[in-house]
Amino acid sequence: MEQALEIKNLTKSYSGFCLDGLNLTLPSGCIMGLIGENGAGKSTTMKLILNMVHQDSGTIQVLGKHQEEDSQAIKEEVGVVLDEAGYPECLTAKQIGRMMTHTYQNWDKDVYDGYIKQLRIPWDREFGELSRGMRMKLSIAVAMSHHPRLLLLDEATSGLDPVVRDEVVEMFGEFTRDERHSILISSHIVSDLEKLCDYIAFLHKGRLLLCEEKDILLEQYVMFHGTASEVSAIRPSAIKGKKESAYGVEAIVRRDAVPAGARLTPISIEELFIFMIKQREGKDR
């Protein structure tokens with residue numbers, strides 16, 4: 001089975017930040033959510049994949065092609081939405097569409113026109129006059145209108161109201177009904193990723209804490225409710241994070257590590273992420 005994206009031992013250092021030996025594999029036909037707090041390395045990862053910045057070490061393959069050797073071929077097959085769209089502020093949606101006919105060999109005017117109508121984007125308003133949400137919708141329309149096989153989406157749902165966000169999430173889900181299509185999407189709106197993604201990857205301060213199928217995570221981990229002594233009886237390696245209060249202890253633990261009869265409730269991906277980050281920050285102090 002072809003991998004849509006294969007990252008091995010990827011490293012990039014800046015002053016005060018290091019993306020440290022990142023390994024990620026995104027299978028074709030799947031959606032992976034990249035979750036991390038601000039400064040975790042999500043945008044750096046996207047820029048490295050797009051060859052906008054150069055890695056210090058490691059390799060990146062996109063749709064079976066080496067990213068540095070086949071950058072032009074990759075560009076044709078990848079749709080991109082970055083946190084800040086880079087279109088000239090004087091251009092309208094109509095003019096941007098015309099410009100894209102000279103940018104992508106497979107640009108599809110009919111598909112683009114359909115997305116502009118579906119997302120209710122004004123044809124003749126200059127890009128600089130659009131709201132952040134409207135700019136993001138226009139960027140999504142462009143990214144999906146040249147028949148890409150892979151979408152790279154950096155905070156693509158940011159700035160959208162809940163109704164439009166739900167519509168866009170459905171569009172992304174429809175895109176991957178074709179098993180040749182894949183998506184890597186970063187977002188701080190974890191609920192969007194939980195609804196949409198097949199795989200979840202957690203980044204924290206440039207390090208990958210976890211990457212797994214979403215359904216496996218939700219099956220493997222549960223919220224344990226008990227006393228401090230009850231939690232201490234669970235092996236430390238099975239605990240992903242815990243929170244103590246006057247009412248007892250809540251801990252996210254592996255389901256197979258808790259004793260029979262324990263009080264358990266399901267978790268969300270957002271809870272798992274928050275508990276893991278707090279646990280890691282506690283160890284780093």
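The values are calculated or read from the model by the stated rules, or taken from the named source; none is laboratory data. None of the values given here were measured: they were computed from a predicted structure. Glycine also receives a Cβ, built like all others from the backbone with ideal geometry; neighbour counts cover every protein chain displayed.
When the criteria are applied in full, Ser131 fails the requirement of being among the small types (Gly, Ala, Ser) and at pLDDT 90 or above.
Flag not set for Gly261, criterion: surrounded by 12 or more Cβ atoms within 10 Å (Cβ to Cβ), more than 26 Å from the chain's Cα centre (by Cα), farther than 20 Å from His204 by Cα and not assigned by TED's automatic domain parsing to the domain that holds Leu196.
Applying the selection to the range 142-160, what residues are in contact (Cβ under 8 Å) with a residue 40 or more places away in the chain, crowded, with 21+ Cβ neighbours inside 10 Å and more than 16 Å from Tyr87 (Cβ to Cβ)? Matches in the range 142-160: Pro148, Leu150, Leu151, Leu152, Leu153. Being part of a helix (DSSP H, G or I) and more than 25 Å from the chain's Cα centre (by Cα) is a property that does not hold for Lys47. Scanning the range 54-65 for residues that are in contact with a helix residue (DSSP H, G or I) (Cβ under 9 Å, 6 or more places away or on another chain) and either in contact (Cβ under 8 Å) with a residue 12 or more places away in the chain or farther than 21 Å from Asn106 by Cα (or both) gives His54, Gln55, Gly58, Ile60, Val62, Leu63. For Glu179, the criteria (1) outside the structural domain of Asp20 (by TED's automatic domain parsing); (2) in contact (Cβ under 8 Å) with a residue 24 or more places away in the chain; (3) more than 18 Å from Ile35 (Cβ to Cβ); (4) out of contact with any strand residue (DSSP E or B) (no Cβ under 8 Å at 6 or more places or on another chain) hold in every case but one, which is (1).
The residue of the range 76-89 that is nearest to Ser139 (Cα to Cα), among those that are within 19 Å of the chain's Cα centre (by Cα) and at pLDDT below 90, is Ala85.
Every residue, every condition in (1) buried (at least 22 other Cβ atoms within 10 Å of the Cβ); (2) under 22 Å from Thr176 (Cα atoms); (3) of a type outside the set (A, V, I, L, M), yes or no:
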position	(1), (2), (3)
Glu6	no, yes, yes
Leu22	yes, no, no
Leu48	yes, no, no
Val62	yes, yes, no
Lys65	no, yes, yes
Asp70	no, no, yes
Ala73	no, yes, no
Ala85	no, no, no
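The range 70-187 holds strands (runs of 3 or more DSSP E) entirely within its bounds, and those carrying 1 or more residues that are hydroxyl-bearing (Ser, Thr, Tyr) map to 182-186.
If I go through the range 26-58 residue by residue, how many of them are more than 22 Å from Gln72 (Cα to Cα) and among the polar types (S, T, N, Q)? Residues in the range 26-58 being more than 22 Å from Gln72 (Cα to Cα) and among the polar types (S, T, N, Q): 1 in total. Inspection of the range 111-129 finds a residue satisfying the criterion of being basic (Lys, Arg) and on the phi > 0 side of the Ramachandran plot.
Applying the condition of being closer than 18 Å to Ile49 by Cβ and of a type outside the set (A, V, I, L, M) to the range 150-174 and asking which residue is modelled with the lowest pLDDT yields Glu155.
For (1) at pLDDT below 90; (2) over 22 Å from the mean Cα position of the chain (by Cα), each residue gets a yes or a no:
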site: Tyr199; (1), (2): no, no
site: Glu212; (1), (2): no, no
site: Leu218; (1), (2): no, no
site: Ser232; (1), (2): yes, yes
site: Pro266; (1), (2): no, yes
site: Lys278; (1), (2): yes, no
